[in-house]
Amino acid sequence: MIVIEAARAKTPQAASALGKRDLNRFLVKATEALGLAGDVSVLLTGDEQLRAMNLQFRGVDKPTDVLSFPPLPEVASHGQGGDLAISLETAAVQAEDHGHTLQMEVKILILHGLLHLAGYDHERDQGQMRRRESLLRKQFALPAGLVERNLVEATLDQRNRRRGPRGGKP
């Protein structure tokens with residue numbers, strides 16, 4: 001189930017433009033594709049709320065695009081698959097940066113969060129999450145996902161550091 005908390009986002013007009021029905025359909029299909037059991041709730045809110053949640057649950061004092069919360073063991077057996085929280089502000093910036101709609105970016109973030117709920121962890125695995133995300137993105141006709149983007153950005157940063165600063169002739 002998708003819950004839009006537009007009052008907490010600085011982009012409430014963007015939140016109202018989201019196709020909630022389409023996002024819910026995508027959530028169901030992606031959950032089924034990953035074989036996740038139980039209901040997954042998705043909170044669409046703003047940077048301020050994601051920053052507070054990131055600090056409370058991960059000890060990181062900055063906003064982020066998506067957070068995943070697996071269900072507690074005692075709740076999982078009662079049909080709860082977990083929760084996701086997505087910042088619409090960050091999603092809007094990323095959508096613009098990557099040349100697609102906010103709706104598309106939210107789907108990318110939902111997929112990424114669902115992969116974490118399914119037990120994948122791109123910070124610790126040997127590329128399994130990236131490969132699975134890539135396959136699912138193709139299945140759902142989505143552009144580059146978060147793990148792939150981060151890999152490309154890290155590679156570009158590394159190349160730029162090796163080359164040193166660039167500039168024109170004086």
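The values are calculated or read from the model by the stated rules, or taken from the named source; none is laboratory data. What you see is a predicted model, and the numbers here were worked out from it, not measured in a lab. Because the Cβ atoms are built from the backbone with ideal geometry, glycine has one as well, and the counts that use them run over all protein chains shown.
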### Message
I'd like to verify a number: residues in the stretch 19-75 that are among the polar types (S, T, N, Q) and within 19 Å of residue 133 (Cβ to Cβ), how many?
### Response
3
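What's the total number of residues in the stretch 17-28 that are touching a residue at least 40 places away in the same chain (Cβ under 8 Å) and exposed (fewer than 13 other Cβ atoms within 10 Å of the Cβ)? Reasoning before the result, please.
Of all residues in the stretch 17-28, those touching a residue at least 40 places away in the same chain (Cβ under 8 Å) come to 17-19, 22-23, 26-27.
Retained after the next criterion (residues that are exposed (fewer than 13 other Cβ atoms within 10 Å of the Cβ)): 17.
Result for the stretch 17-28: 1.
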### Summary
Scanning the stretch 38-77 for residues that are in contact (Cβ under 8 Å) with a residue 24 or more places away in the chain, surrounded by fewer than 15 Cβ atoms within 10 Å (Cβ to Cβ) and in contact with a Gly (Cβ under 9 Å, 6 or more places away or on another chain) gives 76
### Task
Return only the number of the condition from (1) among the aliphatic types (A, V, I, L, M); (2) buried (at least 18 other Cβ atoms within 10 Å of the Cβ); (3) modelled with pLDDT of 90 or more that residue 147 does not satisfy.
(3)
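Any idea which of 85, 52, 91, 95 is over 24 Å from residue 31 (Cβ atoms) and either in contact with a His (Cβ under 7 Å, 6 or more places away or on another chain) or among the small types (Gly, Ala, Ser) (or both)? Working first, answer last.
Values: 85 fails: over 24 Å from residue 31 (Cβ atoms); 91 fails: over 24 Å from residue 31 (Cβ atoms); 95 fails: over 24 Å from residue 31 (Cβ atoms).
It is 52.
Anything in the stretch 98-132 that is outside any helix (DSSP H, G or I) and either under 19 Å from residue 29 (Cα atoms) or among the aliphatic types (A, V, I, L, M) (or both)? List them, or say none. Walk me through how you get there before you give the answer.
Our first condition is that a residue be outside any helix (DSSP H, G or I); within the stretch 98-132, this holds for 99-101, 118-127.
Selection gives 118, 119, 120.
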### Summary
If we ask which residues in the stretch 33-47 are closer than 11 Å to residue 118 by Cα and assigned to a helix (DSSP H, G or I), their number turns out to be 1
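Mind telling me which of the residues 14, 92 ends up being surrounded by 13 or more Cβ atoms within 10 Å (Cβ to Cβ), at pLDDT 85 or above and either at positive phi or not in a loop (DSSP other than H, G, I, E, B) (or both)? Show your work before the answer.
On the way: 14 fails: at pLDDT 85 or above.
From the options 14, 92, the qualifying one is 92.
Please work out if residue 24 is of a type outside the set (D, E, K, R), part of a helix (DSSP H, G or I), closer than 14 Å to residue 103 by Cα and modelled with pLDDT of 90 or more.
Working: of a type outside the set (D, E, K, R): yes; part of a helix (DSSP H, G or I): yes; closer than 14 Å to residue 103 by Cα: yes; modelled with pLDDT of 90 or more: yes.
Yes: the conditions hold for residue 24.
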